[in-house]
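Colleague: Just dropping this structure here.
The numbers here are math on the coordinates, done by the rules we state, and not lab data. Predicted model only: the values in this text are computed from it and were never measured. All Cβ positions, even for glycine, are placed from backbone atoms using ideal geometry, and neighbour counts span all protein chains on display.
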Amino acid sequence: MTPEQALIPEASRRADTAYLDFVEGIREFVLNERDGLDHDIDQLFAALEQRRGKAYASYDEVAEVMDRTAVGPLRNRLMRTQQEMQWRRIVATLEPKRAALEAELTSYEERGPGELLLDPAFQTPDYANVHFHLQPGGYHKDTLAGYLYHYSTKVFFRGLNDSDAIHKGAAKPTPVPADGQVNRILDLGCSIGQSTTALKEKFPQAAVWGIDHSAPMLRYAHRRSVSLDIDVNFAQRLAEDNGFPDGHFDLVYSMILFHEIPTRIAEEVVQEVARVLRPGGLFVAHDFVSSNNSTPLQLYHREFDCRYNGEPYAQQFCHSDFQGMMERAGLKLQRRIGDGYGFMNTWWAER
Amino acid sequence: MSDGQSGDGYRAQTPEGGVPLAGDDPILLPDPATDALLRMVTELTAELWVERDRRMVLEDVLVDAGVISSATLENYVPPESRRQHYRDERDALVQSVFKELRRVVATAAVRENGR
Ligand SMILES: C[S@@+](CC[C@H](N)C(=O)[O-])C[C@H]1O[C@@H](n2cnc3c(N)ncnc32)[C@H](O)[C@@H]1O
């Protein structure tokens, strides 16, 4: 067992572990790249496109096929059900441990390495008041939100991220500024800090800060990084108002944050990134592929995700001009690559 | 597609400029009965897997410890006290798998009474 695996929350009962393992199995059934339901749907559209000699480029066109064949509603039903099953059981299995887990978070607060800066006067913005991915209480209302989220992302990634492999894999190719200097790094919307620790492993000499609006996520992130003995810092700050001095960072990083904020805020976040980056510093963002690069199924799934899976801003982001935001903030896009497990793009921009 | 009713859990929300979120328990198939059936089948399969997982572990542990052989399991006759326990467990399983049907009734009751 890896140190990261050892930190995944444990269910209270073996039956709950098995039940959640089944939910992971349902996700595998749908999402498996080689022989999942989605693979069949991709093939269905490939065949249709071949026959009519034209791509399915709009949601409406795709939805017409998906609804007419009942494939879409059935897939939606299954995906919504597995998500509901997941949360019901994760909440139920962690509830008996609530007092112990809260005590655990408290006992780690004063421990190092790394600092944890919480802001008792913090006001959560309205737009963040969403049950993202149907998580009860969203990211910030339940004191155990970090535990709930960690268990659910284990299921979400179907075991592929049990040792943070996805966060480490994304951090690994992170480019460095032209002068090679990376002394300070900021991770935006760090959640439970899996990118934050991966960045520290990649740049051991750098001081790394992860920020998030959610105190429960940050307390869990700190508990986790302390247990892993990785020296990173966490602070309760907004990505659009991070409180760090101008030109402070060599690298600002964000992983799947932008699709969870309204476009208006995304614009502000990019401006703030430009403010805290030093000249020559880099902004690296991993996030959802934009709509004009999406497969028919991705177009369909995104609408499901927004409407039925608590992702109200994903459509806005995927239709937004992210590159334009960077240009308006004075950042120069260096490269954009689309790799990311079929659903992510990576943007590198220079201040 | 209908958005279903809004309960206490995942409240329907329309944050700024966002896609309106469905409320609790949206019905996603054209026919609510089929929608309920698919939920039931999924829940049922989960229960089946939970049981199978437990049984596999149990049998392996017992056989490894030399406590039983497969034949002992096949030929076991439970005493009355255990039978009651098994019946309670069975009823709980049926409840858990078939609760969707009760939801259809509850929804119909709300709709009919609202007329
Ligand atoms: C999908 S999670 C991404 C987590 C993490 N970066 C990862 O890759 O695992 C989005 C996170 O961003 C945080 N967040 C959303 N809006 C934010 C904002 N304006 N400022 C700071 N954090 C924010 C949420 O609380 C949540 O933890």
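Colleague: How big is the charge dipole of the stretch A:3-111 about its Cα centre, in debye rounded to the nearest 20, if each Lys and Arg gets +1 on its Cβ and each Asp and Glu gets -1 on its Cβ?
Modeller: 400
Colleague: Straight distance only, please: which aspartates and glutamates reach the Cα of A:Lys332 with their own Cα at less than 12 Å, same-chain residues fewer than 8 apart left out?
Modeller: A:Glu350
Colleague: Can you find, among A:Ala57, A:Ile90, A:Ala207, the residue farthest towards the positive end of the dipole of chain A? Put +1 on the C-beta of Lys and Arg, -1 on that of Asp and Glu.
Modeller: About the Cα centre, the residue reaching furthest to the positive side is A:Ala57.
Colleague: Place +1 on the Cβ of every Lys and Arg and -1 on the Cβ of every Asp and Glu in the stretch B:23-112, take the dipole about the Cα centre, and give the residue among B:Ala36, B:Ala65, B:His85 whose Cα lies farthest towards its positive end.
Modeller: Going by the Cα projections, it comes out as B:His85.
Colleague: Quickly estimate the mean residue ellipticity at 222 nm for the protein assembly as shown, helices only: each DSSP H run with n ≥ 4 gives -39500 (n - 2.57), and the total goes over all residues, rounded to 500.
Modeller: Taking each H run of at least 4 residues, the total per residue is -16500 deg cm²/dmol.
Colleague: Let's see if you can work this out: charge +1 on each Lys and Arg Cβ, -1 on each Asp and Glu Cβ, no other charges. What is the dipole magnitude of chain A about its Cα centre, in debye to the nearest 20?
Modeller: Here chain A has a charge dipole of around 380 debye.
Colleague: Turning to a different aspect of this structure: Within the protein assembly as shown, what percent of beta bridges assigned by DSSP are antiparallel, to the nearest 5?
Modeller: Here the antiparallel bridges make up roughly 40 percent for the protein assembly as shown.
Colleague: Still on this structure, please answer the following. Please give the Cα centre distance for the stretch A:1-21 versus the stretch A:87-126, rounded to the nearest Å.
Modeller: Computed from Cα coordinates, the inter-centre distance equals 18 Å.
Colleague: Bin all alpha-carbon pair distances of the stretch B:23-112 at 10 Å intervals from 0 and give each bin's fraction as a whole percent.
Modeller: 13, 30, 27, 16, 11, 2, 0
Colleague: Other chains near A:129-141: what is the mean number of their Cβ atoms within 10 Å of each residue's Cβ?
Modeller: Per residue, the number of nearby Cβ atoms from other chains is 2 on average.
Colleague: Still on this model: Just want the answer: with Cβ charges of +1 for Lys and Arg and -1 for Asp and Glu, which residue in A:Tyr151, A:Ala239, A:Leu228 is farthest toward the dipole's positive end in the protein assembly as shown?
Modeller: Selected residue: A:Tyr151.
Colleague: Hey, in the GNM for chain A with a 10 angstrom Cα cutoff, which one of A:Glu49, A:Glu84, A:Glu267 fluctuates hardest?
Modeller: A:Glu49
Colleague: First measure r as the distance between the Cβ atoms of A:Ser163 and A:Glu33, then evaluate 1/(1 + (r/R0)^6) with R0 = 25 Å and state the FRET efficiency to the nearest 0.05.
Modeller: The pair A:Ser163/A:Glu33 has a calculated efficiency of 0.80.
Colleague: Another one. Could you pull the Rg and Dmax for chain A, using just the Cα atoms, both in Å?
Modeller: For chain A, the Cα radius of gyration and maximum Cα-Cα distance read 20.3, 64 Å.
Colleague: Determine the distance separating the Cα centre of the stretch B:42-89 from the Cα centre of the stretch A:199-259; give it in Å without decimals.
Modeller: Cα centres, the stretch B:42-89 to the stretch A:199-259: 48 Å.
Colleague: Continuing with the same structure: Excluding residues on the same chain fewer than 8 positions from A:Lys172, give the lysines whose Cα lies under 18 Å from its Cα.
Modeller: Correct list for A:Lys172: A:Lys200, A:Lys202.
Colleague: Excluding A:Ala235 itself, what net charge comes from residues whose Cβ is under 10 Å from its Cβ, given Lys and Arg +1 and Asp and Glu -1?
Modeller: Local charge sum for A:Ala235: -2.
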